[in-house]
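The values are calculated or read from the model by the stated rules, or taken from the named source; none is laboratory data. Keep in mind that this is a model prediction, so the values were computed, not measured. In this analysis, Cβ positions are derived from the backbone assuming ideal geometry, glycine residues included, and neighbour counts consider all displayed protein chains.
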Amino acid sequence: MSTNLQFIKSATSTSATSSLQVTDCFSAEYNVYKVILKVDSVTQEAATNIRLIDSGGVDSTSNYDNATLYMRSTTSFTELKGTGETSWEYPMYNEGSVGGFFVMYVYNPFDSSSFTFAQSQTATHFLSSSTSTLIGRKSIFVHKVAEQITGIEAVQGSTRLENATLAVWGVK
């Protein structure tokens, strides 16, 4: 990816929250966006999912497909695939109470004649039988609606993000 980045907008939470949104961050000015979620801690083990925001608000309907490759340091690779999901699943997973981060590139979100695509990667750890295992994740995503997407949301269902920042940059 290009290193020519233009900071657009971010959202930060200093207390526990179930979601973090950056609204009105996608426009016709850029075709590609870099999104980084950094979480310092979570209230418990948690998967972080992503939803997109359109003119009607957060899209939590079954418009999301995803495919992820898990690369664990102690076992073989594992795949996760989902179609018709209500979010892009597991671009980041927080184990124990520690946080983490992911880097995601979002393609053509503001183009109303195209689906929105994304790819992400993260490195974290996984506690298996109280043994910490390094794990890498590489994911691809599609939002199967041709519409203008204006924002992005990081969400956790049953746990809370603490001291988290969701930031968006335009890529030139």
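Listing for the model above:
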read-out	value
Enumeration of residues in segment 146-172 that are among the small types (G, A, S) and crowded, with 18+ Cβ neighbours inside 10 Å	G151, A154, A164, G170
Sole exception among (1) free of Cβ contacts under 8 Å to residues at least 40 places away in the same chain; (2) in a strand (DSSP E or B) for A146, by number	(2)
Every pair of residues 6+ apart whose Cβ atoms lie under 6 Å, when the first sits in segment 150-172 and is under 14 Å from T23 (Cα atoms) while the second is surrounded by fewer than 18 Cβ atoms within 10 Å (Cβ to Cβ) and aromatic (F, W, Y)	W169/F7
Answer residue from segment 15-39, given it is touching a strand residue (DSSP E or B) at 6+ places or on another chain (Cβ under 6 Å) and closer than 12 Å to R160 by Cβ and is modelled with the lowest pLDDT among those	A16
